[in-house]
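To start, the structure under review is shown below, and the notes come after it.
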């Protein structure tokens with residue numbers, strides 16, 4: 001019995017060592033644009049606008065194309081308005097942007113990350129579309145310069 005218990009403890013410790021807990025890296029230490037986007041959505045779902053703001057260039061823009069039936073409506077906004085909108089979502093509203101596969105195109109100092117998505121509100125599909133993040137490498141690391149998205153409402 002004692003030998004069996006020691007074996008179990010050893011295995012648990014070995015597993016813990018092999019798979020250490022992930023710690024949040026500062027945004028400036030993330031070197032992969034794909035990871036920046038993944039971190040963006042984590043903070044987005046948490047409504048952590050303070051962390052989100054650090055991920056953007058100060059003059060960053062959001063461009064959208066909304067499609068309802070046959071109508072197309074383009075819009076654009078600055079990132080501060082976008083962040084205020086995120087902060088204003090009531091706690092009673094549960095939202096999730098379910099992402100498809102992320103596609104990355106990266107050069108030395110520029111990157112785009114695009115992916116299809118489905119946006120859920122309180123467990124129901126609100127709309128779907130495609131997101132495109134444009135990023136630039138700065139002295140502080142990768143920063144989002146713009147986000148373009150399409151929103152298709154069925």
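We did not get these values from a lab; they are worked out from the coordinates using the rules stated. Source: prediction; values computed, not measured. No Cβ is skipped: glycine too gets one built from the backbone with ideal geometry, and neighbour counts run over all protein chains shown.
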Q) Order of 137, 151 from fewest to most other C-beta atoms within 10 Å? A) 137, 151
Q) Pulled fully out, how much extra length does the chain show between residue 72 and residue 109, if you take 0.36 nm times their separation in residues and subtract their Cα-Cα distance? A) 10.0 nm
Q: Could you grab the relative contact order for the range 27-153? Cα pairs under 8 Å, six or more apart, rounded to a whole percent.
A: 29
(Q) Quick check on packing: order 38-51, 68-81 by the mean number of other C-beta atoms within 10 Å, highest mean leading. (A) 38-51, 68-81
Q: Binning at 10 Å from 0, report for the range 27-153 what percent of all alpha-carbon pair distances ends up in each bin.
A: 12, 44, 36, 8, 0
Q: Extending each Cα 7 Å along its Cβ direction at residue 130 and residue 54, get the distance between those two points in nm, one decimal.
A: 3.2
Q: For each of 144, 36, 89, 30, count neighbouring Cβ atoms within 10 Å of the residue's Cβ, then give the residues from fewest to most.
A: 89, 30, 36, 144
(Q) How many angstrom lie between the Cα centre of the range 30-48 and the Cα centre of the range 113-148? (A) 9
